[in-house]
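Please treat every number below as a calculation from the coordinates, not as lab data. A quick note: this is a predicted structure, and the numbers were derived from the prediction, not measured. Glycine also receives a Cβ, built like all others from the backbone with ideal geometry; neighbour counts cover every protein chain displayed.
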Amino acid sequence: MDRYNMMVSIANREELNGILTIYRKYGADVNFISLGHGTAFIDSTPKAVTHTVVTKDSWVKIKDSLEKEMDIDLPNRGIVFTVPLSSVGRARQLKLLAGSQEITIGEESTLKDTTYELIVIIANAGYSDNIMIAARKGGAQGGTIVHAKGSGTRGTEDFFGVTLAAEKEMVYIVTKKEKKNRIMQAVLSECGEGTKPNAVVMSLPVTSTAGMRFYEIKEAEPEPEEEAEE
């Protein structure tokens, strides 16, 4: 999986169409878009946030075009960054997320010495409760839900039977690396392809965390012993 990245862009909303045009030019057709705004004391301009899976080859071309055509590297023009993917739920889901980009199915990859992973689940709107019920069965402690809208090529939608343009919910779950596969499989089993949520699942390595101490202490506590029967 070391050839694939999650590309995140944060830019003024009026720049969104130009950014998406560049993405599509290099085959990054599948995007998940949510709306936000800048911080009030610095820049309260309405923002658009996109999430896109890209190959390393596509990223080099996209970065060059964003700098030359959108002046993305100038102040107050936005930011685009990539985070390496460590796994995607199934090979078909990687093909769906990659859109028109050329891909090669490979093994999972992980950064050395990482303790946690971020699981990203993209599902049809209205099924976040189902997602979290399944995730908790796999060992997840909790998650965060972001509302978004998908976009993708029509051919991709027809082939995979997934309507990308519909309203979506993105669920973020930070978990211990050793729990990742169990949680992803639990979600795919109950909410994956062919179900109403039609969830797509992927994971990204997390290099450092703050705010997880409560869960670490809880996990370190010994299980209560059952009382012996008389």
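Here the Karplus relation 6.51 cos²θ - 1.76 cosθ + 1.60, evaluated at θ = phi - 60°, turns the backbone of the stretch 177-187 into coupling constants of 4, 6, 8, 4, 4, 5, 5, 4, 5, 5, 5 Hz, with x for every Gly and Pro. Considering the dipole of the stretch 16-76 built from charges on the beta carbon (Lys and Arg +1, Asp and Glu -1) around the Cα centre, which of M70, F32, V49 is farthest to its positive end? Result: F32, furthest along the dipole toward the positive end.
Projecting the Cα atoms of V60, A98, V88 onto the dipole axis of the stretch 53-101, where Lys and Arg carry +1 and Asp and Glu carry -1 at the beta carbon, places V88 farthest toward the positive end.
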